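The values are calculated or read from the model by the stated rules, or taken from the named source; none is laboratory data. In this text the structure is predicted, and so the values were computed from the model without any measurement. So basically every Cβ, Gly included, is an ideal-geometry build from the backbone, and we count neighbours across all protein chains shown. The accessibility values were calculated without ligands, DNA or RNA, using every heavy atom of the protein model including side chains. Shrake-Rupley method; radii C 1.70, N 1.55, O 1.52, S 1.80 Å.
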Amino acid sequence: VQNREGPHGIRAGHQVAAKSWGTGRAVSRVPRVKGGGTHRAGQGAYANMCRGGRMFAPTKVWRRWHRKINTNQKRYAVCSAVAASAVPALVMARGHRIQAVDEIPLVIEQDFSSVKKTRAALNTLQAFHLSPELRRCKRRYKRAGRGKSRNRRWKHRLGPLIIYAKNDGIAQSVRNIRGVDFCNVYSLNLLKLAPGGHVGRLIIWTEDAFKALNDVYGNNSRNATLKKNYRPPRSIMTNSDLNRIINSQEIQSAINPKRSRKVFEKKRNPLKHPDLYAKLNPLFDQQWQELKKDYKDNAIPSTTRVLKPLKKKQRVMIQLSKEEKEQMKPYWKNVFGDDKIFK
Amino acid sequence: MADKKSQKKELSQKQKFRKDRKAAQMKKKLSLSVPVPEGLKKAWERENRAIAIRKKIRESKLAALPKKRQNQADRIKRYEQEYVQIKTDRQTNIINARKDGNFFKDTDPKIAIVIRIRGINRVSPKVRKVLQLFRLLQIHNAVFIKLNKATINMLKLIQPYIAYGYPSVGCIRSLIYKRGFAKIRSRPGAISRIPIMSSELIEKNLGRSNIETVEDMVHEIATVGPNFTKTVNFLWPFKLNCPKGGYRGRKRRHFLEGGTYGNWEHHINNLVQRML
């Protein structure tokens, strides 16, 4: 973590006096070590691709190591982390095995902070059904990747964080249990409360530590006594049990009834299926009820075929009498005249 | 089916015992160990009340249905007679005119079906805009358009992109039955393309204009009625197939030059039937 890191930088690769030989000597133009009498003479130096050269962009000590963060923001973060540790869903989501734990937040009697032996501390944690949690953290394992060879070889899971108000031996007894961390409530460490930036660490409070939270951070109604003019951030909802709110009488009596889902029928061609055509066309429906009896179950024809005989009745034929036909002869004479082709 | 059942093996006594025990366990789990919570009880009561109301409404609708269907059937009969009457009127007018040595000019067609026959690339802006206004956004999209001076001039602008003509009643009918989709606004901001599979859909949306069935829609479109715009707008533009048997000759020429674009007049019915 950079705020905590000491500054570091690299100086390697510039501890020779090297100069390029220039062109005309059938060698590359990289700077070369001066002198003679040794292998090193004439070898390339300085450049990042040379053996024994310095790296590209050597890390500098004057890198900006520290970040300034507003105090209020820092306190906000700690408040959020502490609040998240009280939500079982978030604690479980972070990976802690709390299925058997009685209650979250888990607060233990004040005697817990004066436990001196690791065996005693372990027994206490097991009595609070934290064995699955400790079992999870027991193993350490090798890191995946190059970090192994960069002094970050081993990793392990993080388990419960024990927060005490006064250390009467708890810190010493618990520090050798893998996965368990400890912290003083008067100087809460965000890096332990939300490791990796993920809220919801399983926290075990001692009685005094839990009570001291009001002094350290304050309440909805009063400021923190141990900080100047500080009150914890206000919650967005006073009642965050959505399930209860939605199903309450007040809301249920005011909302509209549940609507049935609109399912639209799949498109089928009414010109192929007389049943569908009948559904859409009430007149055809009446005719189809009688026509259906003529057809067997398996041999229902398409609608167009059924409609053909029905349509024939609608043809428009105008009957002309002989006199009327005589009357129209001059018309055709007007149109065609003396053209012999059409006669 | 009967053979399969007889082939099923008889369970051994041990398996039977296990099965029964499991069933008993499941039964135990289902019964509540705690009296029914008030909130749950109230929710059940609410649900039951809503069900009862919905049932009542459904039943009243069903009771009124036969009468409604009869009314619709009567109306459709009237429409069919009307279509026949139109034809006979035209014929008698022609014959009467010929008797006097005159010609009979029928009223100009009031409705056209317009089919977009060219794709979306390399379209000039004016043409693009007019096609947009006519809702012809895709090749082989077809719409019904009322013919008046304004629309006729618009059609002139987009002539090379469309094939249009005067549809017959049968053409309109087959289009709506086979390719009829409706434009339904199910939620604010959500427009869906729903197939017309029941009269309820039409009634819900066009009931105000006294259009309840597909035949009502066809009548409204064929004889350009007062609610023509509403009906045609309710229909999603028809998405037609490529013409079976192909286009005429060279597609990119006017119909009169042996091509496809332009005014097909009543020959458009042939094209539509092949594209249906």
Exercise. Just wondering, is there one or more residues in the stretch B:103-111 that are farther than 25 Å from A:LYS329 by Cα, among the hydroxyl-bearing types (Ser, Thr, Tyr) and crowded, with 19+ Cβ neighbours inside 10 Å?
Worked result: no
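With respect to A:GLU103, determine if the residue is under 26 Å from A:LYS211 (Cα atoms), open to solvent by 50 Å² or more (accessible area, probe 1.4 Å) and of a type in the set (Asp, Glu). Reasoning before the result, please.
On the way: under 26 Å from A:LYS211 (Cα atoms): yes; open to solvent by 50 Å² or more (accessible area, probe 1.4 Å): yes; of a type in the set (Asp, Glu): yes.
Yes: the conditions hold for A:GLU103.
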Seminar exercise, completed: The number of residues in the stretch A:17-37 that are under 13 Å from A:CYS50 (Cα atoms) and in a loop (DSSP other than H, G, I, E, B) is 3
Problem set entry | Residue that is farthest from B:LYS87 (Cα to Cα), among those in the stretch A:277-318 that are within 11 Å of chain B (Cβ to nearest Cβ) and modelled with pLDDT under 85 | A:LEU310
Exercise. Does A:SER131 satisfy the condition of being free of Cβ contacts under 8 Å to residues at least 40 places away in the same chain, surrounded by fewer than 17 Cβ atoms within 10 Å (Cβ to Cβ), of a type in the set (S, T, N, Q) and out of contact with any Leu (no Cβ under 9 Å at 6 or more places or on another chain)?
Worked result: no
For this session: Go through B:ILE211, B:ILE221, B:ILE194 for me and flag whichever is closer than 22 Å to B:GLN132 by Cα and within 14 Å of chain A (Cβ to nearest Cβ).
Result: B:ILE194
Problem set entry | Condition check for A:LYS138: within 22 Å of A:ALA100 (Cα to Cα), surrounded by fewer than 20 Cβ atoms within 10 Å (Cβ to Cβ) and of a type in the set (Lys, Arg) | yes
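Any residue that is at pLDDT below 80 and either facing chain A (nearest Cβ under 9 Å) or open to solvent by 80 Å² or more (accessible area, probe 1.4 Å) (or both) - is there at least one of those in the stretch B:54-69?
Looking for residues that are at pLDDT below 80 and either facing chain A (nearest Cβ under 9 Å) or open to solvent by 80 Å² or more (accessible area, probe 1.4 Å) (or both), one finds none in the stretch B:54-69, hence no.
Rundown of residues vs (1) among the small types (Gly, Ala, Ser); (2) in contact (Cβ under 8 Å) with a residue 60 or more places away in the chain, yes/no style:
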position: A:GLU103; (1), (2): no, no
position: A:ARG119; (1), (2): no, no
position: A:LEU122; (1), (2): no, no
position: A:TYR164; (1), (2): no, no
position: A:VAL174; (1), (2): no, no
position: A:SER187; (1), (2): yes, no
position: A:GLY200; (1), (2): yes, yes
Exercise. If you scan the stretch A:202-230, which residues turn out to be aliphatic (A, V, I, L, M) and free of Cβ contacts under 8 Å to residues at least 24 places away in the same chain?
Worked result: A:ALA224
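Given the criteria of a type outside the set (Phe, Trp, Tyr) and outside any helix (DSSP H, G or I), does A:LEU320 qualify?
So A:LEU320 passes the test.
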Problem set entry | Given (1) under 31 Å from the mean Cα position of the chain (by Cα); (2) at pLDDT below 95, number of the condition A:ARG222 does not satisfy | (1)
For this session: Kindly indicate whether any position in the stretch A:253-269 is open to solvent by less than 100 Å² (accessible area, probe 1.4 Å), assigned to a helix (DSSP H, G or I) and within 14 Å of chain B (Cβ to nearest Cβ).
Result: no
For this session: Scan the stretch B:224-254 for residues that are small (Gly, Ala, Ser) and surrounded by fewer than 13 Cβ atoms within 10 Å (Cβ to Cβ) and jot them down.
Result: B:GLY245, B:GLY246, B:GLY249
Exercise. Across the stretch B:78-96, which residue is nearest to the other protein chains (Cβ to nearest Cβ) among those that are loosely packed, with under 15 Cβ neighbours inside 10 Å and among the hydrophobic types (A, V, I, L, M, F, W, C)?
Worked result: B:VAL84
Seminar exercise, completed: Over the stretch B:159-186, the set of residues more than 21 Å from B:ARG78 (Cβ to Cβ), at the interface with chain A (Cβ under 10 Å from one of its Cβ atoms) and of a type in the set (D, E, K, R) is B:LYS178, B:ARG179
Problem set entry | Any pair with Cβ under 8 angstrom, 6 or more apart, that starts in the stretch B:120-144 at a residue that is assigned to a helix (DSSP H, G or I) and open to solvent by 100 Å² or more (accessible area, probe 1.4 Å) and ends at one that is modelled with pLDDT of 95 or more and among the aliphatic types (A, V, I, L, M) | B:LYS126/B:LEU157; B:LEU133/B:MET154
Exercise. If we keep just the residues of the stretch A:141-164 that are open to solvent by less than 20 Å² (accessible area, probe 1.4 Å) and among the aliphatic types (A, V, I, L, M), which is farthest from A:GLN110 (Cα to Cα)?
Worked result: A:LEU161
Exercise. Quick check, is B:ARG75 at the interface with chain A (Cβ under 10 Å from one of its Cβ atoms) and open to solvent by 90 Å² or more (accessible area, probe 1.4 Å)?
Worked result: no
Problem set entry | Single residue of the stretch B:214-259 satisfying the filter (of a type in the set (Phe, Trp, Tyr) and assigned to a loop (DSSP other than H, G, I, E, B)) that is modelled with the lowest pLDDT | B:TYR247
